[in-house]
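Let me begin by presenting the structure, written as structure tokens, before commenting on it.
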Amino acid sequence: MSISIENLTKRYGPLTVVHGISFNVAKGEFMSLLGPSGCGKTTTLRCIAGLEDANGGVIRIGDRIVSAPEQDVVVSAHERQIGMVFQSYAIWPHMTVAGNVGFPLAIRKVAAQEVERQVDEALEIVGMRHLRDRHPSQLSGGQQQRVALARAIVGRPRVLLFDEPLSNLDAKLREGTRTEIKRLQRELDVATVYVTHDQEEALSMSDRVIVMDGGRITQAGTPKELYRRPANRFVADFVGRASFIDVTRMNGSGWSTAAGVRLRLDDAGAPPATRYQAMLRPESIDICHGAARGKADESDNILCGHVVESHYLGAYTEYLVEASGAKLKVHSRSDFDVGAEVTLRFAPEFCRLVALGDEDRV
Amino acid sequence: MSVDASTVHGLPVSDTNRRSSSRGVLMGVYWVTFVLVAAMVAIPVIALVYGSFRTSAPGLPGDWTLRNYAGLASSGVLSSMSTTLVIGLFTSVLSIIIGTAIALILHRTDFRYGRIVMPLIGLTFYFPSFILAMAWIIVGAPGGIYNTVVDDMLGMPWLRADIYTAAGIVFVMVLHQVPFVYLTMRGPIIGMDPIYEEAANAAGAKPYEVLLRVTLPLLGYSLISSFILTFVMTIEQFAIPALLGIPGQVTMLATQLYLLVRFSPTDYGLAAAIGVALSLITGAAIWAQRRVTTAGRLTTVTGKAGRIKQIPLGHWRWAANLLCFGFVFLGLIMPMVILLYTSVLKWFTVNPFDGMYTLRNYVFIWESGSTVGSFTNTLIVSGVGAAVGVLLGLLCCYFTLRLRPPGYRALDFLVSLPFGVPGVVLGLGLLWAYAYLPLPLYGTLTLMIIAFVTRFLPYATETIGGQMVQIDKSLEEAAWVNGATRLQGVGKILLPLVSPSLQGAYFLLFMAFFREISSAILIYSVNTSVISISIWSFFEQANWGLASALAVVATLIIFVAMALITRMVSTAGRG
């Protein structure tokens, strides 16, 4: 089953929180909605689930329209056959683990024996079968998470929805659960929408990511596309760490910094704009001691500068280097003193041109 | 944007229908609830206002008039108005100081007897005001125990005191109100995030400086809110001013209203106007209190109960002990002992060695048809009424907090309205209403139940709503996405989860109904007398022994009910 969304609009009174967005999630595809809080990602998910009534647009699950307010079609949440994991897990405290997981079946009048069998199967999948008779208050956060997962998959749902399911787990547990969710989703092979504000989560789990801001889709693409070629400064900033240098188009062709240093960069398909910046990822910049020794390699960019700040982070050190009128973040395993003269070197394909909208905060 | 029409029309019909059937049932229930609540609240209020513009008693032919409101400016009414306000202010100030002090001592210092004092203050809270007032009359009346002791036994007539005065009313009112202040201040004091006090500590403030400069200012909103509520409860209080004030001719508005209806020359119109005035004062105060609570919501209380360092009492330990035990003694233990003593005496005497002891009062309770009847009536009114109140409260909470259909704000407002209407005024409103309405309710237990449920509906909605807002909405949503309809979500998820508060609300209402007197005093008839009324009448007939015996039995029943609640709430907390 696929999910298709056309022109989805959601308003709370005079406030529009989702501005007519459209996207498709294919069968078996893992799609993340990524964005800062208040960007409309959770609202979008809740519209798909039927927990919020959309004000406009069409939502299809498979080939069935579940929401089309203009046509007066609204299928209730309980009719949509979805599996959903809530941010707070929403494990019912007055039922046992088995009671929780069996609920979607029992409420649909599945025979008791069959409920037992499927509950055991679902609990087996998440490795919780031995705790089936426990009460939720006796479970750790991670275990409650697994119960929520089991409950979401037990009815063989047509689609899976996740609302920031990992945000209440500690960092170690989060990583393990990420892999787990991904594996489950592959096995079930269902269309999945996953809401998160954590870019690492979105990049590592998804087939495609939709970045949202202010109720609109800013960019949609594979994790690699988003990271390497963000459509604008917002996406570049939100997905991964990045530094920016103001650049202007030179008379003939090519680009130069404000200080007049010529830069070779990836400007393929960049949208027209009044102002541009070059985006650099800190791990794609090489840093070495001393001023530049000539133009070593014609194909790389070279900038000279000095270290302004240094933050030791264990695996590497993050340096802030002032070069060509900009402050650039650089990750390196070598040691440099603050104030040291350094040379930065980076390949054109990791130096991406981004358009600067007028509304972008610089 | 175009939608494939055939797909839309190809939807199975049941999809949209089932949604509307579950919702339809709920909406039907909603409108029934709305109409019921609106009728319960609006009928007495409208009738009261109507009555205040009439020249005659309810049910008799009369004319429209403004005379009653002009009567409000008469010297008699003005003086009881000022008496009411003065007594209200004195009582509230003293209650706030003592109640907050006790709460701070119990929860912020190294006071040693918290486990003893806390439950006793809880008991004091449920000790009915008219029984407390009776006990204090036996002690403090001109011919009462205290004066006999200081005068005849000690020979110190300059120590004589009279309870039938404004000061006496304030004294007994404070004893009655302190537990309320304690209970309202306890939550904020325990729930206050300790980091503010720790920060002050770290900044070099001594423990008492922390208390004065951080803790009390942070509690400011709670203090004001508790102060206003105490003021409201004081000026609408009926039993204490009636029992103490009528003999001493200290008249408060609530007592004046009662006197105008019950004793000739009666003036129902003026009584109604006084009721309107009193309700406006309490209503304005409640409105102010709501504003204060909304404004104060942003501060301090985080719910993270922290381990805060206790303030050492040091040299002041004796004062803390005196305050806490002194209060419990005067507010609960001594009155109970006095009532027990009076109830087993054949003839009242101050000296227990002169007394002739008997159990005839208790035997009389068993054998008299009227007392047994009033017990039965009370149990019916309390048992059935509390069930009705809980059901109505649950529905109101569900509609105003969860479903929120059109008009839910109006329902919310209607439910909270009785908070501002004093019990006697409600009784008077019902008196006016059922003289005209073609419903054969006057003089029935049903009317009594209607009066009690109306008056205490806010108690039910506060208790149930308090728990319902804490139940994460996603628990119900999870049920919906997993295939449950709205109704099934309510039945399988919400109801089981709020059931502790339903039990709590039931007992709270049960106890409130059991000891309620102010809204019953104007609408009871011979056949519908309840215990509180029986005790009241025996006492008014100067039959102290019988009144005391009945009071002892009623108090014991209330305390047993309270013990049941505490037990139930603590089991619910563990499970």
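Can you find even one residue in region B:476-487 that is surrounded by 17 or more Cβ atoms within 10 Å (Cβ to Cβ) and within 33 Å of the chain's Cα centre (by Cα)?
Within region B:476-487, one or more residues are surrounded by 17 or more Cβ atoms within 10 Å (Cβ to Cβ) and within 33 Å of the chain's Cα centre (by Cα).
Condition check: in contact (Cβ under 8 Å) with a residue 60 or more places away in the chain and touching a helix residue (DSSP H, G or I) at 6+ places or on another chain (Cβ under 6 Å). Does B:Y30 satisfy that? Outline the logic, then answer.
On the way: in contact (Cβ under 8 Å) with a residue 60 or more places away in the chain: yes; touching a helix residue (DSSP H, G or I) at 6+ places or on another chain (Cβ under 6 Å): yes.
For B:Y30, the condition - in contact (Cβ under 8 Å) with a residue 60 or more places away in the chain and touching a helix residue (DSSP H, G or I) at 6+ places or on another chain (Cβ under 6 Å) - is met.
The rows are residues; the columns are (1) at pLDDT below 90; (2) over 25 Å from the mean Cα position of the chain (by Cα); (3) not assigned by TED's automatic domain parsing to the domain that holds A:G254.
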| position | (1), (2), (3) |
| --- | --- |
| A:V307 | no, yes, no |
| A:S310 | no, yes, no |
| A:A315 | no, no, no |
| A:E322 | no, yes, no |
| A:K327 | no, yes, no |
| A:V330 | no, no, no |
| A:D335 | no, yes, no |
| A:T343 | no, yes, no |
| A:E349 | yes, no, no |
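Which residues, counting only those in region A:89-108, are out of contact with any Pro (no Cβ under 9 Å at 6 or more places or on another chain), closer than 15 Å to A:L139 by Cβ and facing chain B (nearest Cβ under 8 Å)? Spell out the reasoning first.
So in region A:89-108, the residues out of contact with any Pro (no Cβ under 9 Å at 6 or more places or on another chain) come out as A:90, A:98-99, A:101-103, A:105-108.
Pick out the ones that are also closer than 15 Å to A:L139 by Cβ and you get A:90, A:98-99, A:101.
Selection gives A:A90 alone.
Look through region B:470-479, keep the residues that are more than 7 Å from chain A (Cβ to nearest Cβ) and part of a loop (DSSP other than H, G, I, E, B), and return whichever of them is nearest to A:V159 (Cα to Cα). Here the residue is B:I471.
Residues in region A:61-71 that are at pLDDT 90 or above and within 8 Å of chain B (Cβ to nearest Cβ): A:R64, A:I65, A:A68, A:E70, A:Q71. Counting only strands (runs of 3 or more DSSP E) that sit completely within region A:261-337, those holding 2 or more residues that are touching a His at 6+ places or on another chain (Cβ under 9 Å) correspond to A:317-323.
Only residues that are modelled with pLDDT under 55 and more than 9 Å from every other protein chain (Cβ to nearest Cβ): list them for region B:13-43, please.
Taking region B:13-43 and keeping what is modelled with pLDDT under 55, we get B:13-19.
Of everything in region B:13-43, those that are modelled with pLDDT under 55 and more than 9 Å from every other protein chain (Cβ to nearest Cβ) turn out to be B:V13, B:N17.
Failed condition for A:F86, given (1) more than 30 Å from A:S137 (Cβ to Cβ); (2) at pLDDT 90 or above; (3) within 9 Å of chain B (Cβ to nearest Cβ), with all others met? For A:F86, the failing item is (1).
Determine which member of the set A:G127, A:G57, A:G83, A:G62 is touching a residue at least 60 places away in the same chain (Cβ under 8 Å) and more than 28 Å from B:L495 (Cα to Cα). Spell out how you get there, then give the answer.
On the way: A:G127 fails: touching a residue at least 60 places away in the same chain (Cβ under 8 Å); A:G57 fails: touching a residue at least 60 places away in the same chain (Cβ under 8 Å); A:G83 fails: more than 28 Å from B:L495 (Cα to Cα).
The unique qualifying residue is A:G62.
Yes or no, residue by residue, for (1) closer than 30 Å to B:F452 by Cβ; (2) part of a loop (DSSP other than H, G, I, E, B); (3) in contact with a helix residue (DSSP H, G or I) (Cβ under 6 Å, 6 or more places away or on another chain):
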{"site": "B:L36", "(1), (2), (3)": "yes, no, no"}
{"site": "B:A39", "(1), (2), (3)": "yes, no, no"}
{"site": "B:I43", "(1), (2), (3)": "yes, no, yes"}
{"site": "B:P61", "(1), (2), (3)": "no, yes, no"}
{"site": "B:S79", "(1), (2), (3)": "no, no, no"}
{"site": "B:L85", "(1), (2), (3)": "yes, no, no"}
{"site": "B:G88", "(1), (2), (3)": "yes, no, yes"}
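Scan region A:236-258 for residues that are in contact (Cβ under 8 Å) with a residue 40 or more places away in the chain and under 20 Å from A:V195 (Cβ atoms) and the total you get is 3.
Selection of region B:417-467 for residues being in contact with a Lys or Arg (Cβ under 8 Å, 6 or more places away or on another chain), assigned to a helix (DSSP H, G or I) and at pLDDT below 90 yields only B:P418. B:V93 meets all of the listed conditions (1) at pLDDT 95 or above; (2) buried (at least 18 other Cβ atoms within 10 Å of the Cβ) but one, namely (2).
Taking region B:334-373 only, how many residues are closer than 30 Å to B:A103 by Cβ, among the aliphatic types (A, V, I, L, M) and in contact (Cβ under 8 Å) with a residue 24 or more places away in the chain?
Selection size over region B:334-373: 5.
The set of residues in region A:77-93 being surrounded by 22 or more Cβ atoms within 10 Å (Cβ to Cβ), among the small types (G, A, S) and assigned to a loop (DSSP other than H, G, I, E, B) consists of A:A90 alone.
Residues to consider are B:I246, B:I286; find the one that is surrounded by 15 or more Cβ atoms within 10 Å (Cβ to Cβ) and modelled with pLDDT under 90. From the options B:I246, B:I286, the qualifying one is B:I286.
Among the residues of region B:490-517, those that are crowded, with 24+ Cβ neighbours inside 10 Å and small (G, A, S) comprise B:S501, B:A505.
Select, from A:R129, A:R146, A:R156, A:R151, the only residue that is at pLDDT 90 or above and surrounded by fewer than 19 Cβ atoms within 10 Å (Cβ to Cβ).
Numbers: A:R146 fails: surrounded by fewer than 19 Cβ atoms within 10 Å (Cβ to Cβ); A:R156 fails: at pLDDT 90 or above; A:R151 fails: surrounded by fewer than 19 Cβ atoms within 10 Å (Cβ to Cβ).
None of the other options fit; the residue is A:R129.
Only one of the numbered conditions (1) within 25 Å of B:L437 (Cα to Cα); (2) touching a residue at least 12 places away in the same chain (Cβ under 8 Å); (3) hydrophobic (A, V, I, L, M, F, W, C) is violated by B:M81, and that is (1). If the condition is being within 13 Å of A:S4 (Cα to Cα), within 12 Å of another protein chain (Cβ to nearest Cβ) and outside any helix (DSSP H, G or I), then region A:21-60 contributes A:S22, A:G57, A:V58, A:I59, A:R60.
Give region A:159-168 a look and list any residue that's assigned to a loop (DSSP other than H, G, I, E, B) and either touching a Cys at 6+ places or on another chain (Cβ under 9 Å) or more than 18 Å from A:I125 (Cα to Cα) (or both), or say none.
Start the filter on region A:159-168 by keeping residues that are assigned to a loop (DSSP other than H, G, I, E, B), which leaves A:164-168.
Hits for region A:159-168 are A:E164, A:L166, A:S167, A:N168.
When A:R146, A:R134, A:R158 are checked against the criterion of being assigned by TED's automatic domain parsing to the domain that holds A:K27 and more than 26 Å from A:R46 (Cβ to Cβ), A:R134 stands alone in meeting it. Could we say that B:G385 is closer than 20 Å to B:A554 by Cβ, touching a helix residue (DSSP H, G or I) at 6+ places or on another chain (Cβ under 8 Å), in a helix (DSSP H, G or I) and not assigned by TED's automatic domain parsing to the domain that holds B:Y30 here? No; evaluated as a whole, the condition is false for this residue. Within region B:480-503, the residues that satisfy the criterion of being assigned to a helix (DSSP H, G or I) and at the interface with chain A (Cβ under 7 Å from one of its Cβ atoms) are B:W480, B:V481, B:Q488, B:I493, B:P496, B:L497.
The values are calculated or read from the model by the stated rules, or taken from the named source; none is laboratory data. It should be emphasised that the depicted structure is a prediction, and the values quoted were computed from it without experimental measurement. Note: ideal-geometry Cβ built from the backbone for every residue, glycine included; neighbour counts use all protein chains shown.
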